[in-house]
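Contents: one structure, followed by commentary.
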Amino acid sequence: MMETLSDKTAIVTGSSAGIGKAIAGALAQLGAHVIVTSRSGERAQAVAEELIMKGGQATPCIFDIDDATGITPFIEKAAQISGRIDILVNNALSRASIAPPLFTMNYAALQAGVTANLTNVLAITIAAYPYLKEARGIVLNIGSAVVNRHTIGVPLYTILKGALNQTTKVLASEWAGDGIRVNQINPGFVRTDSMTTRQSAATVKMMTEMFTKLHPLGRVGEVEDVASLAAFLVSKQAEWITGASIDIDGGFSVQGATFPAPS
Ligand SMILES: NC(=O)c1ccc[n+]([C@@H]2O[C@H](COP(=O)([O-])OP(=O)(O)OC[C@H]3O[C@@H](n4cnc5c(N)ncnc54)[C@H](OP(=O)(O)O)[C@@H]3O)[C@@H](O)[C@H]2O)c1
């Protein structure tokens, strides 16, 4: 049985929707006080209320990974809520990394993607370090299966998730002496509400069919698949796991090429 997180405070960046919201829900269910974040106060509030209604503890906060100036004030505010930060889940992704072909990107566009999705993820983690050190805490980075197999169409995203993968390993090594564990989850294609509401029903159907074929286990991922692994990795049961980069992708990363049968 998973141990309780009842004395823990967990920040989940980008937890108003999708994978972040599911992770926030799973950690709240285990008893953590979850700091729910969104760029919108209303969206963070709505999810925090939903978690509280289900018996959890949650506090909404505004956080935007594109805004470097907001990082330190956000961490200070989060630390004041219950006087500690035990878990930091770096889940938020800036659209600045979902980019067009690399050769069409100018310097400013490249810089925006790298700043938001690498520099600022490192900066928030470093800002949280004193609290994580005090708590012998945990960092969980949400990567992507593109770290194993480049997916055409998201080049900068792939580069930055690869850099995040290395960041996970470097921080795990650097901070192991402080008792801080740092791990990463690499999901394959996961169906989220924001994806299904952004696109037409026909596009969602087409994408689901296309992505299903890329995942040998025969289905796309659900947010709960990722949330269960996240809950395990932040638990005591995973206390000897650090520097791990774990694929959760229905076999996407191990699917090989098919040779034609010999004639
Ligand atoms: N879904 C997939 O198939 C998949 C696969 C592999 C990896 N991932 C990774 O999983 C993570 C979550 O993806 P998702 O698909 O769950 O996304 P999503 O459903 O679009 O949700 C994104 C969340 O991030 C927040 N967010 C968006 N822009 C932000 C910004 N600039 N600063 C701070 N928060 C921001 C959103 O909140 P507001 O809009 O309310 O601010 C929302 O809570 C990402 O790191 C992504 O790369 C996803």
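The values are calculated or read from the model by the stated rules, or taken from the named source; none is laboratory data. Bear in mind that the values here come from a model prediction, so they are computed numbers and not experimental data. Positions of Cβ are backbone-derived with ideal geometry, glycine not excepted, and every protein chain shown enters the neighbour counts.
Do we have E50 as of a type in the set (D, E), within 22 Å of L171 (Cα to Cα) and at pLDDT 95 or above here?
When the stated conditions are applied, E50 does not pass them.
Would it be correct to say that V226 is in contact with a Lys or Arg (Cβ under 9 Å, 6 or more places away or on another chain), among the aliphatic types (A, V, I, L, M) and in a helix (DSSP H, G or I)?
In short, no.
Return the residue satisfying two criteria in turn: it lies in segment 58-75 and is within 17 Å of V34 (Cα to Cα) and in a helix (DSSP H, G or I), and of such residues it is nearest to the ligand (Cβ to nearest atom).
Ranking the qualifying residues of segment 58-75, first place goes to F74.
Counting only residues that are more than 21 Å from A244 (Cα to Cα) and either within 16 Å of the ligand (Cβ to nearest atom) or of a type in the set (A, V, I, L, M, F, W, C) (or both), give me the helices (runs of 4 or more DSSP H) lying completely in segment 84-194 with at least 3 of them. Reasoning before the result, please.
Working: elements: 107-114, 120-135, 155-175.
Passing ranges, in order: 107-114.
Which pairs have Cβ atoms under 7 Å, sit 6 or more apart or on different chains, and link a residue in segment 112-123 that is under 12 Å from Y157 (Cα atoms) to one that is not in a helix (DSSP H, G or I)?
G113/A99; A116/I65; A116/D66; A116/S94; N117/L93; N117/S94
Does G83 satisfy the criteria of being at positive phi, modelled with pLDDT of 95 or more and surrounded by fewer than 21 Cβ atoms within 10 Å (Cβ to Cβ)?
yes
Tell me yes or no: at least one residue of segment 168-188 is touching a Lys or Arg at 6+ places or on another chain (Cβ under 6 Å) and closer than 26 Å to I126 by Cβ.
Initial filter on segment 168-188 (touching a Lys or Arg at 6+ places or on another chain (Cβ under 6 Å)): 178-179.
With the extra rule that they be closer than 26 Å to I126 by Cβ, the set shrinks to 178-179.
The answer is yes, given that some residue of segment 168-188 is touching a Lys or Arg at 6+ places or on another chain (Cβ under 6 Å) and closer than 26 Å to I126 by Cβ.
Any residue in segment 218-226 that is under 20 Å from G20 (Cβ atoms), in contact with a His (Cβ under 9 Å, 6 or more places away or on another chain), buried (at least 18 other Cβ atoms within 10 Å of the Cβ) and at pLDDT 95 or above?
Within segment 218-226 (the criterion being under 20 Å from G20 (Cβ atoms), in contact with a His (Cβ under 9 Å, 6 or more places away or on another chain), buried (at least 18 other Cβ atoms within 10 Å of the Cβ) and at pLDDT 95 or above), the answer is yes, since at least one residue qualifies.
In segment 229-243, which residues are in a helix (DSSP H, G or I) and touching a strand residue (DSSP E or B) at 6+ places or on another chain (Cβ under 9 Å)?
L229, A230, L233, A238
May I ask you to list pairs of residues, at least six apart or on different chains, whose Cβ atoms are under 8 Å apart, with the first in segment 17-44 being at negative phi and the second being in a helix (DSSP H, G or I) and modelled with pLDDT under 95?
What qualifies is A17/D193; A17/S194; H33/S82.
Give the residues of segment 85-111 that are without any contact (Cβ under 8 Å) to a residue 24 or more places away in the chain and not aliphatic (A, V, I, L, M), sorted by residue number.
R95, P100, F103, T104, N106, Y107, Q111
Look at segment 1-44 and say how many of its residues are away from the ligand (no atom under 11 Å from the Cβ) and over 23 Å from D249 (Cβ atoms).
From segment 1-44, those away from the ligand (no atom under 11 Å from the Cβ) are 1-11, 25-35; that's our starting set.
Next, only the ones that are over 23 Å from D249 (Cβ atoms) stay: 1, 3-11, 28-35.
Qualifying residue count, segment 1-44: 18.
Is it the case, given these coordinates, that I71 is at pLDDT 95 or above and surrounded by fewer than 24 Cβ atoms within 10 Å (Cβ to Cβ)? Before you say what the answer is, go through the steps one by one.
Values: at pLDDT 95 or above: yes; surrounded by fewer than 24 Cβ atoms within 10 Å (Cβ to Cβ): yes.
So I71 fits the description; yes.
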